[in-house]
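Scroll down for the structure; my scribbles are underneath it.
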Amino acid sequence: MSGWLWADPAKEAQRAAAREEAHARALQELRSKLSESDEGRKAGQQLVQGGELSSPDELTSDAYLRKWLEAREWDVPLAFSCIVSHAGWRAHIMPHGYIDEAWIQGPLSDGKVFLQGCDSLGRALAVIQVSKHFARTSRMHSMRLFTCYVMNAMMALCDAAVNPGRRLISIFDMSHCAMANIDVACLTMILRLLGHHYVEQLDCMVFFNPPLVVWGLWHSMKGLLPDATRAKIKFVGPGDTRELQEVVPQQVLPKQYGGSAELLLVQEAVRQFKLPPYPHLPDVAGTAGGEVPHEIADMPDAAAEIGEGSSSGHAKTGQQQQ
């Protein structure tokens, strides 16, 4: 049989072994750069301050380094630059280690995001009712902070025993959506946050019952997305929820999608499951007041979403969003 019609198992094994050896070298190189440089040591401290790590030593763990290297195609200098930038961003956006609910009262009061529990793969499931979002009245700074609040809660909710990477799944329910609800800028911001700061966390993004205009937008922009990102985005119709039911337990999946659960608002889930920022919350949900501190609210969009790393790193990561 012609060689191009079949794979040689021995050669495939050799290539796999070579890849693993190269990855091991990259892990060690990145670990050394972070451990032995002032930038790296500062990044570890900033990630503890920002609530992402409990100890600076976690910065150089295989799990933490691997997710950044995978997200940056095992480019060590780029991964180093992105980690340093991300650490500075995290310490700035979450100087006390969490997002204060006082800063996001608008998005919280809309009642559009729900946090249900974990699916059979240990992934936290969030549901977003897009019809309750209005692009015209949305404030991007507040929505960015709200997205971080939700992401932090989801990662804390994951079942680390079966999902050590804390991968996530979300359902964007687009039922009853009108043009006023479709916010391309907000969706772009979310994808950029995922690609630059919550790398390798999103496992699946489901668009449920999308209107025709969303299909049109998808077909026009999907070619701009990396293959890995496209593979994580799925479209599901009201009569085609079988795949969701197969992976999400009945008691977790809301009734709207074939399960038996009631929707649980994200701020209620934070309290029920004792998720961040639970220890810092007032006794009664929604009683917090106050505005986003100026030093956070006034942060330029580019710095807020990308950080302050090298311009070459930014150019490349823009093409490698998760």
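The values are calculated or read from the model by the stated rules, or taken from the named source; none is laboratory data. All figures in this text were calculated on a predicted structure; none of them were measured in a lab. Please note: Cβ atoms are built from the backbone with ideal geometry, for glycine as well, and neighbour counts cover all protein chains shown. Just so you know, the surface numbers come from the protein's heavy atoms only, side chains and all, with ligands and any DNA or RNA stripped out. Shrake-Rupley method; radii C 1.70, N 1.55, O 1.52, S 1.80 Å.
Divide the volume of the convex hull around the Cα atoms of the chain by the residue count and you get 163 Å³ per residue.
Database remark: amide H of Ile233 closer than 5 angstrom to the amide H of Met205 (H placed geometrically; neighbours at sequence offset of 5 or more, or on other chains; Pro and chain starts carry no H). Taking 0.36 nm per residue of separation and subtracting the current Cα-Cα distance, fully stretching the chain between Glu12 and Lys255 would add 82.9 nm.
What the range 8-133 shows is 43 Å² of accessible area per residue, with the surface traced by a 1.4 Å probe over protein heavy atoms.
Listed by chain and number, the lysines placed with their C-alpha closer than 22 angstrom to that of Lys33 are Lys42, Lys67, Lys316; residues fewer than eight positions away on the same chain are left out.
Once you've got the GNM for the chain with C-alpha springs shorter than 10 Å, pick whichever of Arg139, Arg192, Arg19 has the biggest mean-square fluctuation. So, out of Arg139, Arg192, Arg19, the one fluctuating most is Arg19. Any idea how far the Cα center of the range 233-250 sits from the one of the range 46-77, in Å? Using only Cα atoms, the two centres lie 32 Å from each other.
In the chain, carbon and sulfur make up what percent of the accessible area (probe 1.4 Å)? It would help to have the intermediate numbers written out before the result.
Numbers: 8500 of 15550 Å².
It is 55 percent, rounded to a whole number.
Pop the C-beta distance of His23 and His219 into the FRET formula with R0 = 41 Å and round what comes out to the nearest 0.05. Once the sixth-power term is evaluated, E becomes 0.70. Computed with every protein chain present, the accessible area of Met221 is close to 60 Å² [probe 1.4 Å].
Considering helices alone, the calculated mean residue ellipticity of the chain at 222 nm is -14000 deg cm²/dmol, with DSSP H runs of length four and up weighted by -39500 (n - 2.57) and normalised per residue.
Sorting 104-116, 233-245 by average packing, meaning the other beta carbons within 10 Å per residue, from highest down gives 104-116, 233-245.
First obtain the Kirkwood hydrodynamic radius of the range 1-105 from its Cα pairs, then insert it into the Stokes-Einstein equation at 10 °C and 1.306 mPa s, and state the resulting D in µm² per second as a whole number. Diffusion coefficient, whole number: 102 µm²/s.
Accessible area per residue for the range 173-264 is 48 Å², calculated with a 1.4 Å probe on protein heavy atoms, without ligands, DNA or RNA.
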